[in-house]
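Down below is the structure, laid out as structure tokens.
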Amino acid sequence: MGNERVVVTGGAGMLARDLVKVFTNQYEVTCLPRAALDVADENAVLSCFRELQPNVVLHAAAYTQVDRAEMESAEAFRVNASGARAVARASAAVGAFLVAYSTDFVFSGLASAPYGEEAQTGPLCAYGRSKLAGELAVQEETDRYAVLRTAWLYGAGGGCFPKTMLRLAAAADKPLAVVCDQFGSPTFSGDLAALTVAVVRLRCQGLYHAVNEGVVSWFEFAREVLRCAGVARGVTAIGSDELDRPAKRPAYSALCTRRLRSAIRLAPRSWREALADFLEEIR
Ligand SMILES: NC(=O)c1ccc[n+]([C@@H]2O[C@H](COP(=O)([O-])OP(=O)(O)OC[C@H]3O[C@@H](n4cnc5c(N)ncnc54)[C@H](OP(=O)(O)O)[C@@H]3O)[C@@H](O)[C@H]2O)c1
């Protein structure tokens, strides 16, 4: 483990930054931002991996602009589907264990209890379809992989919902309007990085849901962000139809982590605890 080589794709992204931070203590890490490696360039990926000979690939590169993907679905599929395939194929070629990340947006949101890994998928938007195609590509190209579906990700290294709420609260003089009819599992990218270490160490194979514990609406999430940060600003509940965004989101996309918990013998923290640590980190 001490001298295992780890490559991180999409190295300037929010999750990638936490992966690099957490893995650097224990592994020899090469961080590859988009400028160093376009993951959809199959030849470039293969020659890069042949040169670096990673034992582990953490595929954190993705097209993540959910609304823009409705207009740019070809680019979303190029990165999220073809890119995942190229990375999986090259990982297999050099014998590396691959961890790829997917999303709760592969689900339609009609459930009323947290989704298990085996649940029927049915993405409502182009981003979700492109990520689902990426999952399938990984499964087709390599036997040595973990796909971690995560959700409502926030972290210090990128723009995210809690930071947006704090910024808007500081600028506004009236309550913030936040959607109350979408429920999910907010997840701190620092926690996802720590869970990834366990997955890599144990070489957990297959599809896993990797989120902080608990189910909450964006409205409740926003209220907790402001309360925990000590910001005195009200929040008004609105319906998602009032926002009129291009991409349709699942109404309920909480994920069940039972399979992950039993594989790594560790339980993800509650979303509240993780949020408190995040707010401390960015204070
Ligand atoms: N954020 C969420 O709420 C959320 C929820 C569920 C799942 N996920 C998944 O979690 C993973 C990490 O997401 P994140 O929030 O860390 O995303 P992020 O901050 O947007 O990072 C993704 C990184 O990938 C890079 N990238 C885009 N196209 C690329 C290409 N062709 N080649 C190489 N790099 C490329 C981006 O570079 P540019 O900035 O230059 O485009 C960006 O630095 C992704 O798989 C995402 O789908 C995220």
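The values are calculated or read from the model by the stated rules, or taken from the named source; none is laboratory data. Remember, predicted model here, so these are calculated numbers, not experimental data. Here Cβ is always computed from backbone atoms with ideal geometry, including for glycine, and neighbour counts include all displayed protein chains. Side chains are part of the model used for accessible areas, which takes the heavy atoms of the whole protein and leaves out ligands, DNA and RNA. Shrake-Rupley method; radii C 1.70, N 1.55, O 1.52, S 1.80 Å.
For region 170-192, the candidate set comprises residues that are assigned to a loop (DSSP other than H, G, I, E, B) and open to solvent by less than 40 Å² (accessible area, probe 1.4 Å); within that set, the residue that is farthest from Tyr252 (Cα to Cα) is Ala172. Just name the residue that is farthest from Tyr154 (Cα to Cα) out of those in region 204-260 that are β-branched (Val, Ile, Thr) and open to solvent by 40 Å² or more (accessible area, probe 1.4 Å). Of everything passing the filter in region 204-260, Thr236 is farthest from Tyr154 (Cα to Cα).
Collect the residues in region 1-29 that are hydroxyl-bearing (Ser, Thr, Tyr) and over 21 Å from Glu141 (Cβ atoms), keeping them in residue-number order.
Across region 1-29, the qualifying residues are Thr24, Tyr27.
Okay, residues lined up against (1) away from the ligand (no atom under 13 Å from the Cβ); (2) of a type outside the set (Phe, Trp, Tyr):
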| site | (1), (2) |
| --- | --- |
| Asn43 | yes, yes |
| Arg85 | no, yes |
| Arg89 | yes, yes |
| Tyr127 | no, no |
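Within region 20-44, the residues that satisfy the criterion of being open to solvent by less than 20 Å² (accessible area, probe 1.4 Å) and out of contact with any Asp or Glu (no Cβ under 8 Å at 6 or more places or on another chain) are Phe23, Leu32, Leu37, Val39. Residues that are touching a residue at least 60 places away in the same chain (Cβ under 8 Å), within 11 Å of the ligand (Cβ to nearest atom) and open to solvent by less than 10 Å² (accessible area, probe 1.4 Å) within region 103-122 comprise just one, Asp104.
Those helices (runs of 4 or more DSSP H) of region 5-92 in which at least 3 residues are under 18 Å from the mean Cα position of the chain (by Cα), considering only elements entirely within it, cover 14-24.
Can you find, within region 137-169, the residue that is farthest from the ligand (Cβ to nearest atom) among those that are assigned to a helix (DSSP H, G or I) and among the small types (Gly, Ala, Ser)? Steps first, please.
So in region 137-169, the residues assigned to a helix (DSSP H, G or I) come out as 137-141, 161-169.
Filter again for among the small types (Gly, Ala, Ser), leaving 137, 169.
Values: Ala137: 13, Ala169: 20 Å.
That would be Ala169.
The set of residues from region 219-268 being of a type in the set (D, E, K, R) and touching a strand residue (DSSP E or B) at 6+ places or on another chain (Cβ under 6 Å) comprises Arg223, Arg259.
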